[in-house]
Every structure is written in structure tokens, then in C-alpha cells.
Number of protein chains: 2
Amino acid sequence: MKDTKGQLGSYLNRSMNFGTGEVDLMFSKMTKRTYAKKAVILNQEEIATHRYFILEGLVRVFHTNEKGIETINQFAIENWWVASVESFVEHTPSHYAIQAIEKTTVLSIAKADLEELYISIPKLERFFRKITERMLMAIIRKNEVFMKYPSYERYRFFVDSVPGFAQRVPQYMIASYLDISPEYLSEIRNNSDPMIS
Amino acid sequence: MKDTKGQLGSYLNRSMNFGTGEVDLMFSKMTKRTYAKKAVILNQEEIATHRYFILEGLVRVFHTNEKGIETINQFAIENWWVASVESFVEHTPSHYAIQAIEKTTVLSIAKADLEELYISIPKLERFFRKITERMLMAIIRKNEVFMKYPSYERYRFFVDSVPGFAQRVPQYMIASYLDISPEYLSEIRNNSDPMIS
DNA sequence: CGGTCTCTTGACGGAGTTCAAAGCTAGTGG
DNA sequence: CCACTAGCTTTGAACTCCGTCAAGAGACCG
């Protein structure tokens with residue numbers, strides 16, 4: 001068995017300085033759970049009551065429209081927090097589902113427990129302010145890439161930016177994330193430099 | 001002269017409960033300044049050292065690419081915070097400029113002062129966590145609209161969602177914000193319901 | 001091995017861009 | 001208070017990226 005608390009602790013202390021008592025307290029409020037490949041962590045339309053810290057594995061956050069078309073908004077891997085933010089914050093039905101792409105182990109924390117922890121560990125408030133800032137910056141950067149680059153460059157960008165990631169995720173999911181049809185992504189790939197030729 | 005501190009105070013207490021001493025302290029660290037129409041508040045490539053609380057007026061946040069094409073990412077009006085978040089948080093050159101569209105009055109706060117305030121007024125840490133969450137949700141919602149709706153519906157959406165806003169902003173800026181060419185937006189407008197006819 | 005899931009190929013069409021030019025409008029100075 | 005100019009909006013034609021549909025070819029798993 002892995003040292004789960006150790007992983008959480010060293011993650012928390014990468015950017016701040018929590019005492020062992022604080023890490024213990026936080027850990028005591030979290031629940032470890034493993035999801036099989038393709039298991040659903042949160043259903044669309046469900047109210048998100050938890051945030052998840054990914055210990056191991058890979059998940060996707062996606063929306064399914066009336067026609068049944070899925071759009072992936074986010075992937076998350078080891079040492080990332082994932083949640084349906086709007087649903088979690090506003091207690092409203094989630095526009096997104098969260099699903100394990102690989103077998104995934106998470107630590108989950110309930111909203112009410114997190115709010116208690118904010119009070120008993122004031123530093124945590126700052127920690128989550130920073131997490132939220134990072135999420136915001138990640139989205140802004142993603143939008144920049146979408147604005148500035150045509151689809152074939154978005155693909156290169158994605159492949160280059162997270163090495164090894166493209167191997168863990170099926171092509172059609174990358175296409176969905178990049179907002180390209182799977183057919184067109186296939187065309188892009190087999191035509192690796194559309195500027196030459 | 002307007003009651004600036006009063007405006008700040010009642011804004012702050014819309015979602016939380018700050019004492020007069022706390023509002024006074026915060027206000028004492030902020031600087032009021034008025035920008036003329038078209039005045040630049042933050043230049044692209046400059047490092048953002050301040051966050052701005054808009055007392056009155058209207059600004060845009062935009063990026064100019066190598067070809068000189070401007071892309072507007074955000075508008076902000078009275079009682080909104082605006083900043084180049086990534087630049088402010090990471091002390092890196094801003095990818096965005098901030099400019100007044102109308103004559104605009106702001107209260108600005110320096111990063112160092114804000115960090116001191118987080119310590120002397122712990123509630124403020126929570127306050128800005130929530131502000132950041134709201135900014136994040138706003139971007140996520142904007143992205144949802146972009147994914148789900150074609151350009152003419154994005155336009156309707158925009159016009160309907162912030163009444164009176166379309167009158168304050170020139171058309172070509174709305175086009176830029178909605179990621180539509182000004183020519184095509186013009187076509188959309190003179191063809192108000194493309195479903196009929 | 002059989003079936004389901006994934007990736008590829010090609011034809012076609014349409015939403016939206018680009019370029020160029022003309023019409024408006026509103027602010028400015030004389 | 002008018003005339004001019006600069007900025008904004010409209011129009012139209014040509015073009016292109018990329019989506020959709022349909023069908024086939026692999027590939028992986030039980």
C-alpha cells in the first residue's frame with residue numbers, strides 16, 4: 001500500500017508550509033476511493049458535493065448535449081484537483097460529468113468539510129485561492145491557444161506540451177478537447193506539416 | 001464628490017461582512033484614479049503590479065497579435081475587479097492590455113499591499129478566493145456559449161444578457177469579443193432572424 | 001476468432017473569413 | 001454652425017477551413 005498521506009502532504013507543501021497536524025486533520029476529512037476505467041465520478045445534472053484530488057490516474061470533464069455529442073473541457077492527472085466548479089460553488093446541477101479514463105484513485109473532500117477546514121486551518125483558504133488562480137490561468141491560456149492558432153497547430157501544441165499524454169488518451173478524445181472533428185484530426189496527423197508540400 | 005469609500009464598502013458587504021475599520025484600512029491602501037476615454041491602464045508586455053476595482057466606466061482587456069489584430073477577451077464595468085491575472089500572479093509580462101472605453105474611475109491596489117491586507121484582514125483572503133471563483137465561472141460559462149452556439153446566437157445572447165451594454169460599446173469591439181469578423185456581424189444584424197425567411 | 005471500438009479516407013457543403021470599396025456618423029476645428 | 005475628416009458600419013464576391021456523412025480498415029478484447 002502506498003503512502004497516501006505522504007503524497008498529499010508533499011503536494012500541499014510544494015507551494016506552502018503546512019504542519020503535520022494540519023495535514024493530518026485535512027487527511028482525516030478526505031476519503032480515498034478508486035474508480036475503474038470508464039467509471040463515472042460525477043454525472044451530468046448531478047450536484048457536485050465534492051472536490052477530488054487525483055492520487056493516480058487520469059480523468060476527463062465533459063459535457064453531453066441534447067444530440068448526444070460529448071465535448072471534453074478538461075483532462076486531469078496525478079496531483080491535480082478536479083471538480084465541476086460551478087456546481088460545487090453554487091449548489092446547482094452540474095453541466096459537466098467527470099469520468100475516469102484510466103483506473104483512477106482519488107481523495108475526495110465534501111464541501112461542508114472543506115468549509116470547516118478553511119476555519120480551522122486559515123492557510124488553506126489561501127491555498128485554495130491559489131489553486132483557483134491556477135485553474136483560472138490554465139483556462140485563460142487554453143483560450144489563448146484557441147484564439148491564436150488554427151487546429152493543426154493546436155494539435156502540435158497539445159502533443160508537445162504534455163509529453164506522454166497523447167499516448168494515454170484516445171485520439172477522438174483529444175479531438176474533442178481541441179474542438180476538432182475526429183476525421184479532421186486524422187487528416188491533420190497524416191499530413192504532419194501542412195505548410196510544406 | 002462621490003462617496004467612494006461608501007461605494008467600496010457596500011460592494012464588499014454585498015457578499016461578506018466587513019467591519020468599518022477593515023473597510024477603512026483597505027480603502028487607505030487604494031488609490032483613486034480617473035482615465036480618459038481610450039487611455040491605457042495597462043500596456044501589453046508590461047508587468048501588472050495592480051488590480052483595479054472599477055468605480056465608474058467601462059474597460060476592455062485585449063491582446064494584440066504580431067499582425068496588429070486585436071482580440072478582446074473581457075469587458076468590465078462598475079463594481080468589477082479587473083487585472084491581467086497571470087501577469088499579476090506570476091510577475092510576468094502581460095499578454096493583455098487594459099484600456100478605458102469610456103472615461104473610467106478606478107481604485108487600484110498594489111500586489112504587495114494586497115498581500116499585507118490578506119494578513120491583517122483574513123476575511124479578505126476568502127473574499128478574493130470567491131472573486132477568483134466567480135471569474136473562473138464566468139470564463140467557463142463564456143466558453144460554454146462559444147461551444148454550443150453559432151455566431152448569430154452568441155450575438156443575441158450578448159445583447160440580451162447585459163442590457164444597455166451593446167449601446168456603450170462599438171460594434172467592432174463586440175465582434176472581436178464574440179470572435180466574429182465585423183463584416184459578418186454586420187450581416188447577422190441586418191438579418192435579425194436567420195431562421196425565418 | 002467475432003464484435004465492438006477506434007482510426008482513416010474521400011466527397012460535399014456551409015459557416016464564416018478576407019479583401020476591397022463605398023456609405024455613414026460624429027466629433028473637431030475653423 | 002458648417003465642413004471635413006477619421007473612424008465605424010455595410011455590401012458583395014471569392015475563397016477556405018473544417019464539419020458532416022458514409023464507408024471501410026485496423027486493432028484490441030473477451
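The values are calculated or read from the model by the stated rules, or taken from the named source; none is laboratory data. Values in this document were obtained by computation on a predicted structure and should not be read as measured data. Reconstructed Cβ throughout: ideal geometry from the backbone, glycine too, with neighbour counts over all protein chains shown.
Taking segment B:16-25 as the range and being free of Cβ contacts under 8 Å to residues at least 60 places away in the same chain and outside any loop (DSSP other than H, G, I, E, B) as the test, the residues that pass are B:20, B:21, B:23, B:24. The residues of segment B:45-62 that are surrounded by fewer than 19 Cβ atoms within 10 Å (Cβ to Cβ) and farther than 30 Å from residue B:120 by Cα amount to a single one, B:45. In segment A:161-170, which residue that is within 14 Å of DNA strand D (Cβ to nearest atom) and exposed (fewer than 13 other Cβ atoms within 10 Å of the Cβ) is farthest from residue B:149 (Cα to Cα)? It comes out as A:167.
Checking each residue in segment A:26-39 for being closer than 18 Å to residue A:11 by Cβ and either aliphatic (A, V, I, L, M) or in a loop (DSSP other than H, G, I, E, B) (or both) picks out A:26, A:29, A:30. The conditions of being free of Cβ contacts under 8 Å to residues at least 60 places away in the same chain, assigned to a helix (DSSP H, G or I), within 9 Å of chain A (Cβ to nearest Cβ) and within 13 Å of DNA strand D (Cβ to nearest atom) are met by residue B:147. None of B:97, B:112, B:138 is surrounded by fewer than 16 Cβ atoms within 10 Å (Cβ to Cβ), closer than 16 Å to residue B:177 by Cβ and modelled with pLDDT of 95 or more except B:138. Selection of segment A:57-69 for residues being among the charged types (D, E, K, R) and within 13 Å of residue A:43 (Cα to Cα) yields only A:60. Does residue A:173 qualify as being more than 13 Å from DNA strand C (Cβ to nearest atom) and either part of a helix (DSSP H, G or I) or within 13 Å of chain B (Cβ to nearest Cβ) (or both)? No: the conditions fail for residue A:173.
A Cβ distance below 7 Å, combined with a sequence gap of six or more or placement on separate chains, defines the contacts here; from segment A:1-15, residues that are within 16 Å of residue A:54 (Cβ to Cβ) reach residues that are among the basic types (Lys, Arg) in the pairs A:4/A:32.
Could you list all residues from segment B:173-197 that are modelled with pLDDT of 90 or more, of a type in the set (D, E, K, R) and more than 8 Å from DNA strand D (Cβ to nearest atom)? Within segment B:173-197, B:179 is the sole residue that qualifies.
When A:8, A:58, A:25, A:12 are checked against the criterion of being farther than 28 Å from residue A:140 by Cβ and in contact with a helix residue (DSSP H, G or I) (Cβ under 8 Å, 6 or more places away or on another chain), A:25 stands alone in meeting it. Does residue A:163 meet the test of being more than 16 Å from DNA strand C (Cβ to nearest atom), more than 14 Å from every other protein chain (Cβ to nearest Cβ) and out of contact with any helix residue (DSSP H, G or I) (no Cβ under 9 Å at 6 or more places or on another chain)? Answer is yes for this residue. Can you spot a residue in segment A:103-116 that is free of Cβ contacts under 8 Å to residues at least 24 places away in the same chain and not aliphatic (A, V, I, L, M)? Taking every residue of segment A:103-116 in turn, at least one turns out to be free of Cβ contacts under 8 Å to residues at least 24 places away in the same chain and not aliphatic (A, V, I, L, M). If the condition is being more than 14 Å from residue B:131 (Cβ to Cβ) and loosely packed, with under 11 Cβ neighbours inside 10 Å, then segment B:1-15 contributes B:1, B:2, B:3.
Of all residues in segment B:70-84, those that are crowded, with 21+ Cβ neighbours inside 10 Å and either free of Cβ contacts under 8 Å to residues at least 60 places away in the same chain or closer than 18 Å to residue B:43 by Cβ (or both) total 5.
Among B:158, B:88, which is at negative phi and within 16 Å of DNA strand D (Cβ to nearest atom)?
Every option except B:158 fails the conditions.
Of all the numbered requirements in (1) under 20 Å from residue A:131 (Cβ atoms); (2) out of contact with any His (no Cβ under 9 Å at 6 or more places or on another chain); (3) buried (at least 19 other Cβ atoms within 10 Å of the Cβ), residue A:35 misses one, and that requirement is (1). For segment B:40-132, which fully contained strands (runs of 3 or more DSSP E) count at least 3 residues that are within 14 Å of chain A (Cβ to nearest Cβ)? Where strands (runs of 3 or more DSSP E) fall fully within segment B:40-132 and carry at least 3 residues being within 14 Å of chain A (Cβ to nearest Cβ), they are B:58-64, B:70-77.
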